[in-house]
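Engineer: Handing you a structure now.
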Amino acid sequence: MKRFLPLLLGAALGFGAATSALAIERGGSMTFARYDDSTVIDPVWADRNPDLWMITSLYETLLRNGADGAIEPGLAESYAVAGDGKSISLKLRDGLKFSDGSAITGDDVVFSLDRARNPDGPWGGLLGSVEKVTAEGGKVTLSLKQPDPTIPSILATFNTGIVSKAAFEKASGSNDQEKAKAYFDNNPVTSGPFTMKSRVAGSSMSFARNPNYWRAGEDGKSLPYLDGVDFVVIPDDATRILKLQAGEVDVAEFIPFARVGELSGDASLKMELFPSTRIIYAPINTRDTRKDGSKNPLADLKVRQALNYATDKNMLIKLVTFDTGKPMTSLMSAATQLHYGPEPLYPYNPEKAKQLLAEAGADGGLDITFTTLAGSADDATLFTALQQMWAPLGVNLKVEQVDNPTRGAKNRNGEFDIHTYGWANDVNDPAQVTGWLGYYKQRQAVGTGWNNQEFNTLFEASNSEVDPAKRKDEYKRMQEIYAAEAPLLFLYETPFAVAVSKSLENYVQTPLGANDFLGSLARQVTQA
């Protein structure tokens, strides 16, 4: 859940829009080197990126994130929101089929969306406004408890992927989660462009083309163009790159930023930096007192602003991302819908930082603990740089290295000064990241304890605002408040770095992280 849409998102969500039909050669396969294996590719129970990012390859949603960033039809050919905003109706396309040839019906949709509403699942809250899902023939209706402007986006999100009711109910298991695991382990019936061909847990996995997939390519024939995708799990970064350079794999994900420049110069590869919604930031404890009861200097707004001004983001981007990142301009990434941020937040200004610390009465020296992940080279670089940047201001920055579960526990109970963190959106709507980072009632604003009544009120109002213009204004104001209040150390955004063989075309990783193989082409395919 490590928890992207205007033009940036549109550029990444299209599947080979520029490909000429004359240039399309169907067939062939892609070998994809992954950093980790999938555990359960299921819309409801997947909660890790290696699972989440594969779901849309196997399970189609009613709506889709379009190439221009807008919501467009998927399995549903059209949809309409009621005038009062309290229901949404969708019409299924005619002739839809699952991978086994059985029809996709309204009953399957009701079954799938009711599964998605399961409050025990990690994503049940995304459909929390839904009171009932019904179907009559090919018409599906979601009745809502209150207006919810996020619903169209959620119906284009992985957790609402459509599964076969008949096939899923035959899976073994005493509850839905056990059935989901058994279903995944036994080559499930799918609604997306691919089916599961084979899998060796922890090692490899293969997808095959779904012959019953409904969407057509630019040549007028059913997508996908590829016959299949073969995945190999290679956790070691260097080994993934070596396999790619040797021609043993066609794509390698999560290329270390330190290697981007080198691979950009390799004539046999395309070094892709896909726009993402990944942001790297550091939550600041804004509570009046620390966990030990002592006065917390970071509760003072001017101290938080001073630390932001004392941070040279461009230098950090050079040191950590090797100039592939860019400064944050808001609490959300620039690729997130309704983003507002005309310029980088808190440009480097050590003199301004000194002035603010003096005004806060903190120019006599500050002792601050910076909590990092043990073993993280990026965190170590970040700490060392901040220690040097802040020392001239009288800040004594000490490091505390912990494992990930411990960092999470410290975040939840407020036992920290500042700590490293990151986020990537899962949903094509700003409510997710805004709620997580800023809304006090949701995890106390990413654990910072920041509690701004105007922000909270605006966020609550935006969750039922059906007027797009009013909602845009609400989000603009929330981002202005958050930037001024600085409950974070605003750092940088980073892209998804993926190296691709030039024998392939049109592989895309979307700003939400999903692996999109739908329009991928293998060059020099030997036709049968």
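The values are calculated or read from the model by the stated rules, or taken from the named source; none is laboratory data. In this text the structure is predicted, and so the values were computed from the model without any measurement. Positions of Cβ are generated from backbone atoms using ideal geometry, with glycine treated the same way; all protein chains shown enter the neighbour counts. The accessibility values were calculated without ligands, DNA or RNA, using every heavy atom of the protein model including side chains. Shrake-Rupley method; radii C 1.70, N 1.55, O 1.52, S 1.80 Å.
Engineer: Could you check how many residues of region 259-294 are under 23 Å from Leu373 (Cα atoms) and exposed (fewer than 13 other Cβ atoms within 10 Å of the Cβ)?
Structural biologist: 1
Engineer: If you don't mind, another one. Quick one: count up the residues across region 387-429 that are within 19 Å of Pro487 (Cα to Cα) and among the β-branched types (Val, Ile, Thr).
Structural biologist: 3
Engineer: Could you figure out which of (1) open to solvent by 10 Å² or more (accessible area, probe 1.4 Å); (2) closer than 30 Å to Thr406 by Cα; (3) touching a Gly at 6+ places or on another chain (Cβ under 7 Å) isn't true of Tyr309?
Structural biologist: (3)
Engineer: Considering only helices (runs of 4 or more DSSP H) fully contained in region 1-77, which possess at least 2 residues that are within 21 Å of Ser520 (Cα to Cα), among the hydrophobic types (A, V, I, L, M, F, W, C) and at pLDDT below 90?
Structural biologist: 7-13
Engineer: Would you confirm whether any residue within region 34-46 is more than 16 Å from Tyr183 (Cβ to Cβ), among the hydrophobic types (A, V, I, L, M, F, W, C) and surrounded by fewer than 19 Cβ atoms within 10 Å (Cβ to Cβ)?
Structural biologist: No.
Engineer: How many residues does region 322-362 hold that are crowded, with 21+ Cβ neighbours inside 10 Å and either charged (D, E, K, R) or more than 30 Å from Phe459 (Cα to Cα) (or both)?
Structural biologist: 2
Engineer: Could you check region 197-217 and list, in sequence order, the residues that are part of a loop (DSSP other than H, G, I, E, B) and under 18 Å from Thr31 (Cα atoms)?
Structural biologist: Selection gives Ala201, Gly202, Ser203, Asn210.
Engineer: Sticking with this structure for a sec: From the list Glu480, Glu460, exactly one residue is farther than 15 Å from Gln432 by Cα, assigned to a helix (DSSP H, G or I) and open to solvent by 10 Å² or more (accessible area, probe 1.4 Å). Which is it?
Structural biologist: Glu480
Engineer: Let me ask another. Read through the list (1) under 22 Å from Ala33 (Cα atoms); (2) touching a Gly at 6+ places or on another chain (Cβ under 8 Å); (3) hydroxyl-bearing (Ser, Thr, Tyr), then give the number of the only condition that Ser191 fails.
Structural biologist: So Ser191 meets the others, but not (1).
Engineer: Could you figure out which of (1) at positive phi; (2) touching a Gly at 6+ places or on another chain (Cβ under 9 Å) isn't true of Leu357?
Structural biologist: (1)
Okay, residues lined up against (1) touching a helix residue (DSSP H, G or I) at 6+ places or on another chain (Cβ under 8 Å); (2) under 19 Å from Pro43 (Cβ atoms); (3) not aliphatic (A, V, I, L, M):
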site: Ala171; (1), (2), (3): yes, yes, no
site: Ala182; (1), (2), (3): no, yes, no
site: Asn186; (1), (2), (3): no, yes, yes
site: Phe194; (1), (2), (3): yes, yes, yes
site: Val200; (1), (2), (3): no, no, no
site: Phe207; (1), (2), (3): yes, yes, yes
site: Asp219; (1), (2), (3): yes, no, yes
site: Ser222; (1), (2), (3): no, no, yes
site: Asp230; (1), (2), (3): no, no, yes
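Engineer: Still on this model: Of the residues that make up region 139-151, is at least one at negative phi and part of a helix (DSSP H, G or I)?
Structural biologist: Yes, some residue in region 139-151 is at negative phi and part of a helix (DSSP H, G or I).
Engineer: Return yes when Lys470 is among the basic types (Lys, Arg), assigned to a helix (DSSP H, G or I) and open to solvent by 10 Å² or more (accessible area, probe 1.4 Å) and no when it is not.
Structural biologist: So Lys470 fits the description; yes.
Engineer: Within region 183-218, which residues are of a type outside the set (S, T, N, Q) and open to solvent by less than 20 Å² (accessible area, probe 1.4 Å)?
Structural biologist: Scanning region 183-218 gives Tyr183, Phe184, Pro188, Gly192, Pro193, Phe194, Met196, Met205, Phe207, Tyr213, Gly217.
Engineer: Something else: Out of the residues in region 87-137 that are at pLDDT 95 or above, part of a loop (DSSP other than H, G, I, E, B) and of a type in the set (Gly, Ala, Ser), state the one that is most open to solvent (accessible area, probe 1.4 Å).
Structural biologist: Residue satisfying both the conditions and the ranking: Gly95.
Engineer: While we're here: Kindly indicate whether Asp148 is buried (at least 23 other Cβ atoms within 10 Å of the Cβ) and not hydrophobic (A, V, I, L, M, F, W, C).
Structural biologist: Yes: the conditions hold for Asp148.
Engineer: Take the residues in region 219-241 that are in contact with a Gly (Cβ under 8 Å, 6 or more places away or on another chain) and under 20 Å from Lys270 (Cβ atoms), then tell me which one is surrounded by the most Cβ atoms within 10 Å (Cβ to Cβ).
Structural biologist: The residue in question is Tyr225.
Engineer: Hey, another quick one. Return yes when Glu272 is farther than 18 Å from Leu386 by Cβ, among the acidic types (Asp, Glu) and in a strand (DSSP E or B) and no when it is not.
Structural biologist: yes
Engineer: Tally time: how many residues in region 390-437 are of a type in the set (A, V, I, L, M) and assigned to a helix (DSSP H, G or I)?
Structural biologist: 6
Engineer: Can you name the number of the only condition in (1) of a type outside the set (Ser, Thr, Tyr); (2) over 22 Å from Arg64 (Cα atoms); (3) open to solvent by 10 Å² or more (accessible area, probe 1.4 Å); (4) in contact with a Lys or Arg (Cβ under 9 Å, 6 or more places away or on another chain) that Leu504 fails?
Structural biologist: Answer for Leu504: the failing condition is (3).
Engineer: Can you report the number of residues in region 218-264 which are in a strand (DSSP E or B), small (Gly, Ala, Ser) and over 17 Å from Val508 (Cβ atoms)?
Structural biologist: 2
Engineer: Residues of region 364-379 being crowded, with 16+ Cβ neighbours inside 10 Å and either acidic (Asp, Glu) or assigned to a helix (DSSP H, G or I) (or both), which ones?
Structural biologist: Of everything in region 364-379, those that are crowded, with 16+ Cβ neighbours inside 10 Å and either acidic (Asp, Glu) or assigned to a helix (DSSP H, G or I) (or both) turn out to be Asp378, Asp379.
Engineer: In region 157-184, which residues are among the charged types (D, E, K, R) and not in a helix (DSSP H, G or I)?
Structural biologist: Lys170
Engineer: List, please: which pairs have Cβ atoms under 6 Å, are six or more places apart or on different chains, and start with a residue in region 462-482 that is among the aromatic types (Phe, Trp, Tyr) and end with one that is modelled with pLDDT of 95 or more and crowded, with 20+ Cβ neighbours inside 10 Å?
Structural biologist: If the second residue must be modelled with pLDDT of 95 or more and crowded, with 20+ Cβ neighbours inside 10 Å, the pairs left are Tyr475/Leu338; Tyr475/Pro430; Tyr482/Leu331; Tyr482/Gly438.
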